[in-house]
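What follows is one structure encoded as structure tokens, with my remarks underneath.
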Amino acid sequence: MSDFAQAQPAPRLPLAESDTLPTRRVKTKTGIRPALRGSLLVRISLIALALAFLALVVLLPLAAVFAQALEKGLGAYLRAIRQPETMAAIRLTLLTALLVVPLNTVFGVAAAWLIAKYRFSGRNLLITLIDLPFSVSPVISGLIFVLLFGSQGLCGQWLSDHDIKIVFATPGIVLATAFVTFPFVAREVLPALQAAGNAEEEAALILGASGWRLFFRVTLPKIRWALIYGIILCNARAMGEFGAVSVVSGHIRGVTNTVPLQVEILYNEYDFVGAFAVASLLTLVALATLVVKKVAERFQGARSAEGFR
């Protein structure tokens, strides 16, 4: 009897009305359910708010720069850029970037490699020092070099005796710019090295690869995109640096003025067309930097997609 009772199927309970009828979609006058309509409205509102903020903070100032630069026509724009003092500022800015970017690239890759691959006493101190320019005002950074290498500074007398001039000269501008920009390459390369791990390097060492061959054939391909990002950011900051360079340059016309300092001088002299014309050069550099960065990101995404196939 017990076996027969166990073999019988359990009695079925009556189904609710909602279970017996087909599910009906809730239709509204707009054809969209209230929940989805509310989500869509929130999304549209947030997008509109973001676009309005970008237009106010980014697009409007950019348009104002080029509008003021071309206010008196293309001829006045080109004449303002061809001024001898402006050309000297452009040359000095390019020279500074040409010296600073390779130095910071070498330092950034070496520091990132050291932090990512080794554990040593003072490692946390090195990381803190790399982040120091981010937390110190650029004006303070320039003042540090004046206190070190100025005529009344710590090394001023020795430099004067040997006829070496750093402050109020090109070396001081290069040093101040290098100090402000050296974290960019290291901070971009370090996460890439940490994420890549050491497995491939260890395999290459077992196979007999030398140190330089290991770096150029194994490590560098893994961090090349992060390295490109760091170089782009470092170059953009080097060309646009104002605070530290303003302190150490001395504002000597045609000698120690970079492009940002030349913009300030022209603006203070009420030469608005010249000031905005020179400022437009920095704007074009910034836009070109963004374009190169986006192209690099696109190539990186394409290579990553190929790697997953």
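The values are calculated or read from the model by the stated rules, or taken from the named source; none is laboratory data. Quick caveat: nothing in here was measured; it's all calculated off a predicted structure. Reconstructed Cβ throughout: ideal geometry from the backbone, glycine too, with neighbour counts over all protein chains shown.
Of the conditions (1) within 20 Å of THR96 (Cβ to Cβ); (2) of a type outside the set (Ser, Thr, Tyr); (3) under 19 Å from the mean Cα position of the chain (by Cα), LEU148 clears all except one; give me its number.
So the condition that LEU148 fails would be (3).
When you scan the range 275-292, how many residues do you find that are over 13 Å from MET239 (Cβ atoms) and either without any contact (Cβ under 8 Å) to a residue 60 or more places away in the chain or surrounded by 17 or more Cβ atoms within 10 Å (Cβ to Cβ) (or both)? Talk me through it step by step, then tell me what you get.
Step one: of the range 275-292, the residues over 13 Å from MET239 (Cβ atoms) are 275-277, 280, 290-292.
Still in the list and also either without any contact (Cβ under 8 Å) to a residue 60 or more places away in the chain or surrounded by 17 or more Cβ atoms within 10 Å (Cβ to Cβ) (or both): 275-277, 280, 290-291.
The total comes to 6.
What residue, among those in the range 139-169 that are surrounded by fewer than 18 Cβ atoms within 10 Å (Cβ to Cβ) and among the hydroxyl-bearing types (Ser, Thr, Tyr), is modelled with the lowest pLDDT?
Selected residue: SER151.
Can you tell which of ALA112, ALA97, ALA116 is more than 20 Å from the chain's Cα centre (by Cα) and either touching a residue at least 24 places away in the same chain (Cβ under 8 Å) or closer than 17 Å to GLY250 by Cα (or both)?
Values: ALA112 fails: more than 20 Å from the chain's Cα centre (by Cα); ALA97 fails: more than 20 Å from the chain's Cα centre (by Cα).
Being more than 20 Å from the chain's Cα centre (by Cα) and either touching a residue at least 24 places away in the same chain (Cβ under 8 Å) or closer than 17 Å to GLY250 by Cα (or both) holds for just one of ALA112, ALA97, ALA116, which is ALA116.
Within the bounds of the range 243-259, is there any residue that is free of Cβ contacts under 8 Å to residues at least 60 places away in the same chain, surrounded by 15 or more Cβ atoms within 10 Å (Cβ to Cβ) and either of a type in the set (Asp, Glu) or over 17 Å from GLN83 (Cα atoms) (or both)?
no
Looking at the range 42-76 only, could you name the residues that are more than 31 Å from the chain's Cα centre (by Cα), surrounded by 11 or more Cβ atoms within 10 Å (Cβ to Cβ) and farther than 14 Å from SER280 by Cα?
If the condition is that a residue be more than 31 Å from the chain's Cα centre (by Cα), surrounded by 11 or more Cβ atoms within 10 Å (Cβ to Cβ) and farther than 14 Å from SER280 by Cα, then LYS72 is the only one that fits.
Looking at the range 237-260, which of its residues are among the charged types (D, E, K, R) and within 14 Å of PHE179 (Cβ to Cβ)? First the steps, then the outcome.
Taking the range 237-260 and keeping what is among the charged types (D, E, K, R), we get 237, 241, 253.
ARG237, GLU241, listed by residue number.
Which condition breaks for TRP225 when tested against (1) without any contact (Cβ under 8 Å) to a residue 60 or more places away in the chain; (2) more than 27 Å from GLY142 (Cα to Cα); (3) buried (at least 18 other Cβ atoms within 10 Å of the Cβ)?
(1)
If you go through the range 117-138 one residue at a time, do you hit one that is buried (at least 17 other Cβ atoms within 10 Å of the Cβ), under 30 Å from ILE223 (Cβ atoms) and hydroxyl-bearing (Ser, Thr, Tyr)? Give the derivation first.
Just the residues of the range 117-138 that are buried (at least 17 other Cβ atoms within 10 Å of the Cβ), to begin with: 130, 133, 138.
Now narrow it down to the ones that are under 30 Å from ILE223 (Cβ atoms): 130, 133, 138.
Still in the running and hydroxyl-bearing (Ser, Thr, Tyr): none.
No.
Determine whether ARG237 is part of a helix (DSSP H, G or I) and basic (Lys, Arg). Reasoning before the result, please.
Details: part of a helix (DSSP H, G or I): yes; basic (Lys, Arg): yes.
When the stated conditions are applied, ARG237 passes them.
I'd like to know if the range 249-257 contains one or more residues that are modelled with pLDDT of 85 or more, part of a helix (DSSP H, G or I) and under 21 Å from GLY75 (Cβ atoms). Break it down stepwise before answering.
Quick first cut of the range 249-257, residues modelled with pLDDT of 85 or more only: 249-257.
Next, only the ones that are part of a helix (DSSP H, G or I) stay: 249.
Next cut, under 21 Å from GLY75 (Cβ atoms) only: none.
Within the range 249-257, none of the residues are modelled with pLDDT of 85 or more, part of a helix (DSSP H, G or I) and under 21 Å from GLY75 (Cβ atoms).
Conditions tested, residue by residue: (1) in contact with a Gly (Cβ under 6 Å, 6 or more places away or on another chain); (2) modelled with pLDDT of 85 or more; (3) not small (Gly, Ala, Ser).
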position	(1), (2), (3)
ALA7	no, no, no
LEU41	no, no, yes
GLY75	no, yes, no
LEU92	no, yes, yes
